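Asker: Pasting a structure here, questions to come.
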Amino acid sequence: MTRDLPALAANQFDLIVIGGGIYGICAARDAARRGLAVCLLERGDFVGETSSNSLRIIHGGLRYLQHADLRRMRQSICERRLLQRLAPGLVRPLPCLMPTYGHGLRGKAVLRIALAVNDLVGLDRNAGLGPALRLPPGRVISRREVLQLAPELPTAGLTGGAIWYDCQVSSSERLALAFLHSAAAAGAASANYAEVTGFLRDQGGVTGVRVTDRLTGDQLEIRGRAVLNATGPWTDTVLEHLGGRPRPRQFVASKGFNVLLKRRLFEGHAVALAGHVGFRDADALVHKGVQHFFAVPWRRHSLIGTRHLRYTGSADDFAVTGSELDQFLGEVNAAYPGAHLSSDDVLAVYSGMLPEAGAHTGADVRLQKHPTFRDHRDEGWRGLYSVVGVKWTTARYVAQWAVDQIARRMTPAAGPARPESAPLPDAEPAGPDPLLSRDSVRGRDPIAEATIRRLAAYYGPRAEAILQYVDQMPALARPLAPDTEAIGAEVVHAVREESAQRLSDLILRRTDLAADGHPGIHVLAACADLMAAELAWDSTRRQQEIDLAETALRRLHCRPAPRDGAHEIPPESPALRPVTTSGVINA
């Protein structure tokens, strides 16, 4: 992926997609695969906002039974299966446990019926999947079995539990990047840190966008036959550039967040915990009266969420406060007293804005259930469209649906969506054995086997490309810090191949350096040294990038990992700088 804004300005596109979250990425990919000339623009970094907030669950919509929404449930099941096929190295089965209490709506009988309907609606859930990816049918288990899986659950009224299977994505960032690489392979051009600041117009229609390069301050114009606004919480902000009279809001924001804990609460299963605070879903036909939180095993930790709250501020000022986090931890402790959680147990808080269904009404957050698509032709803006999605699992489907609407309105009309016939090249399983046999790995200063296994697990087939940088410069095999397995080649690869422009891009989204919390100042400094060499940063810019990365980590409530000298930023290390190759570097 090459970031070249002047080249974008020199071209004419069929479709310009604004917004580099998962919806915008999938829309750009779908349009490019139809043969359209596509440009994807993101004002920050790809997958840097709402799309980064996830429990890492790809789910089939079992909870939609409360709304009798079998159509949405069926859609989710089909997309879950398709994501398993497209990304078998990243999307894997995850058993889920719902404890049952009493004999009412939370009892065994009701859950047994729900599991039967779920299996019936998803009768073909395993079609075309290999044995390792197949999801078993749901089942009800005994009280004793539940307590073996979750020994410290509240036992008053506990009758047993229901187990069903969804999927977990090992890295939502890598999955999004796999879609982005696929879009680029299909011909889509893209640029991060390219903010749309206005529209080009012609006789009542939109013919392109005005863009500010947020890295250089340069301003330019990019022309296209159609423009799709896929900016999520910034949907209305982007439309304000049209001027004219105020228009109805398309995105009424609520606050959602998930918490990464230092330790695992449960092993092997995601567990639903019934909150003690009353909750009413106005759209549900069946009301359980409480909100459930899910504790999900991830890496060596637990992810727990999702907490939904009212939000009335601007999208740019969005943040989770310390008091909101403390209140949520208290609710989790009430639901699962064995957790004994405090703020010291928190490694990070992943947050984002989700659309509410209409204006804020009532005490509880009422989330939008279905995606929306809008053709702004009726407002006098031919060629401009907006799409608002509601969840990660169905992003590919919704993006295809939106591009379908646009393609039919084009003159001449664009072709239909291409079928999904093969896995994404970057999301197939990759074992470590071929990597371990490489000469550069077995050389005089061999890379640790644990590092190779981590590269294969995290990057999949792309690990081979990372090790090619070690072939060119063996110094890039060195760990970035004594207590990390990450190596310098990952940094160079992120800059040259994945458009990492800022240190925070690298730390939070191109690598797993912050997956276990704050990686430590020495890691930040080592990464900044390598990026400085690649992107020609001076010492002032290097320091700014470290400061900005620290700010981004604080926004996630990431706790530092202090050690001797942790608060002293190490000086630049010229010896770590790789040899750069003219024409390869993304400036």
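The values are calculated or read from the model by the stated rules, or taken from the named source; none is laboratory data. Quick caveat, the model's predicted, so the values are computed rather than measured. Virtual Cβ from ideal backbone geometry, glycine too; neighbours counted across all protein chains shown. For the accessible areas, the whole protein counts, side chains as well, though only heavy atoms, and no ligand, DNA or RNA atoms are used. Shrake-Rupley method; radii C 1.70, N 1.55, O 1.52, S 1.80 Å.
Asker: Rounded, prolate or oblate: which one fits region 354-504, using the alpha carbon gyration tensor with axes a ≥ b ≥ c (rounded when a/c is under 1.5, else prolate when a/b beats b/c, else oblate)?
Answerer: The shape class here is prolate.
Asker: Can you pull the percent of region 162-273's accessible area that's carbon plus sulfur, 1.4 Å probe, other chains left in place?
Answerer: Solvent-exposed carbon and sulfur of region 162-273 make up 44 percent of the total.
Asker: Still on this structure, please answer the following. Can you give me the solvent accessible area of Tyr350 with a 1.4 Å probe, rounded to the nearest 10 Å²?
Answerer: 20
Asker: Is the chain best put as rounded, prolate or oblate by its Cα gyration tensor, with a ≥ b ≥ c the root eigenvalues, rounded for a/c under 1.5, and otherwise prolate when a/b is larger than b/c, oblate when not?
Answerer: Since a/c reaches 1.5 but b/c is at least a/b, the shape of the chain is classed as oblate.
Asker: For region 126-192, report the accessible area per residue in Å² (1.4 Å probe, heavy atoms, rounded to an integer).
Answerer: Result: 37 Å² per residue.
Asker: Can you work out the FRET efficiency for the pair Asp218 and Ala127, with r the C-beta to C-beta distance and R0 = 51 Å, to the nearest 0.05?
Answerer: In this case the efficiency is close to 0.55.
Asker: Still on this structure: Can you tally the lysine pairs in the chain where the Cα-Cα distance is under 30 Å and the two residues are eight or more apart, or on different chains?
Answerer: The number of close lysine pairs in the chain is 10.
Asker: Using protein chains only and a probe of 1.4 angstrom, how many square angstrom of Arg249 are accessible, to the nearest 10?
Answerer: 150
Asker: Moving on to the next point. Under a 1.4 Å probe, what is the accessible area of region 419-486 per residue, stated in Å²?
Answerer: 53
Asker: Sort 417-430, 50-63 by packing, meaning the average of other beta carbons within 10 Å per residue, with the highest value first.
Answerer: For the peptides 417-430, 50-63, the packing ranking is 50-63, 417-430.
Asker: In square angstrom, what is the accessible area per residue of region 47-116 with a 1.4 angstrom probe?
Answerer: On the way: 2560 Å² over 70 residues.
Per residue, region 47-116 has 37 Å² of solvent-accessible surface.
Asker: Would you calculate the separation in nanometres between label points at Arg478 and Ser421, each defined as 7 Å from the Cα along the Cα-to-beta-carbon direction?
Answerer: The two pseudo-label positions are separated by 4.8 nm.
Asker: Let me ask something else about it. What are the semi-axes of the equivalent ellipsoid for region 56-165, taken as the square roots of 5 times the Cα gyration tensor eigenvalues, largest first, in whole Å?
Answerer: Computed over region 56-165, the values are 26, 17, 11 Å.
Asker: Between Ala536 and Thr237, what is the FRET efficiency for a Förster distance of 22 Å, r being their Cβ-Cβ separation, to the nearest 0.05?
Answerer: For Ala536 and Thr237, the calculated efficiency is 0.10.
Asker: Here's something else I'd like to know. Going by average Cβ neighbours within 10 Å, how do the peptides 9-16, 21-28, 291-298 rank, with the highest at the top?
Answerer: The most tightly packed comes first, giving 21-28, 291-298, 9-16.
Asker: I've got another one for you. Quick one: accessible surface of Lys262, probe radius 1.4 Å, all protein chains present, in square angstrom to the nearest 10.
Answerer: It works out to around 100 Å².
Asker: What ranking of Trp164, Trp401 comes out by heavy-atom accessible area, probe 1.4 Å, highest first?
Answerer: Trp401, Trp164
Asker: Taking R0 as 41 Å, what's the FRET efficiency between Glu152 and Leu436 from their Cβ-Cβ distance, rounded to 0.05?
Answerer: 0.50
Asker: Mean separation of Cα pairs under 8 Å and 6+ residues apart, divided by the residue count of the chain: what relative contact order is that in percent? Intermediate values should be presented prior to the final figure.
Answerer: Numbers: 1163 pairs, mean separation 101.0, N = 587.
Once divided by the residue count of the chain, the mean separation gives 17 percent.
Asker: Net charge near Phe179: determine it from the other residues with C-beta under 12 Å of the C-beta of Phe179, scoring Lys and Arg +1 and Asp and Glu -1.
Answerer: Counting the neighbours of Phe179, the net charge comes to 0.
Asker: Can you classify region 296-372 as rounded, prolate or oblate using the Cα gyration tensor, where a ≥ b ≥ c are the square roots of its eigenvalues, rounded means a/c under 1.5, and otherwise it's prolate if a/b beats b/c and oblate if not?
Answerer: Prolate, since a/c reaches 1.5 and a/b exceeds b/c.
Asker: Carbon and sulfur atoms: what percent of the 1.4 Å accessible area of region 337-458 do they account for?
Answerer: Exposed carbon and sulfur together represent 52 percent of the surface.
Asker: Still on this structure, I have one more. At 222 nm, what value in deg cm²/dmol follows for the chain if DSSP H runs of at least 4 each add -39500 (n - 2.57) and the sum is divided by all its residues, to the nearest 500?
Answerer: -9000 deg cm²/dmol
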